[in-house]
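Report on the structure given below.
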Amino acid sequence: MSAQPPPSAYPQYGAPPPRAPDHPQTTTILVLGIIGVTFFQLCAPFAWYLGSKAKREIEESNGAIGGIGMVNLGRILGIVGTLLVAVSALIIIVAIIIIVATAAGSA
């Protein structure tokens with residue numbers, strides 16, 4: 001009888017490479033981005049900040065940390081939500097100025 005060769009420590013042909021673990025804040029950033037765009041826009045700047053920070057950490061890890069797709073999505077949603085906050089604030093300020101000018105003109 002011939003002895004079988006020992007099992008190889010390397011992945012078999014066609015096996016996918018091992019996947020890097022996601023950044024620990026990936027889900028948090030994505031949830032903050034979604035909430036910041038849909039319900040509570042004040043969460044959006046936090047998603048933008050944390051997303052930018054996590055993206056930089058992922059890029060500096062040279063492939064040791066994954067999750068760049070979800071981090072980018074949360075970061076972009078944070079940018080959009082922050083712009084919505086800025087536009088809303090601008091509309092409110094302009095409306096207040098118009099109301100005050102109208103009230104002062106009719107008095």
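The values are calculated or read from the model by the stated rules, or taken from the named source; none is laboratory data. Predicted, not measured: the structure shown is a model, and the values here were computed from it. We place every Cβ from the backbone using ideal geometry, glycine too, and count neighbours over all the protein chains shown.
Points to keep in mind about this one:
- If the condition is being more than 18 Å from Ser88 (Cα to Cα) and either surrounded by 12 or more Cβ atoms within 10 Å (Cβ to Cβ) or among the polar types (S, T, N, Q) (or both), then region 15-33 contributes Ala20, Asp22, His23, Gln25, Thr26, Thr27, Thr28, Ile29, Leu30, Val31, Leu32.
- Residue count for region 41-71, restricted to those that are surrounded by fewer than 18 Cβ atoms within 10 Å (Cβ to Cβ) and either among the hydroxyl-bearing types (Ser, Thr, Tyr) or touching a Gly at 6+ places or on another chain (Cβ under 9 Å) (or both): 5
- Test result for Leu90, crowded, with 17+ Cβ neighbours inside 10 Å, at pLDDT 95 or above and part of a helix (DSSP H, G or I): no
- Cross-chain or 6+ apart pairs with Cβ under 7 Å, region 66-83 first and without any contact (Cβ under 8 Å) to a residue 60 or more places away in the chain, then assigned to a helix (DSSP H, G or I) and surrounded by fewer than 19 Cβ atoms within 10 Å (Cβ to Cβ): Ile68/Lys55; Val71/Lys55; Asn72/Lys55; Arg75/Ser52; Arg75/Lys55; Leu77/Ile34; Gly78/Pro45; Thr82/Pro45
- Being surrounded by 10 or more Cβ atoms within 10 Å (Cβ to Cβ), modelled with pLDDT of 95 or more and not aromatic (Phe, Trp, Tyr) is a property that holds for Ala95.
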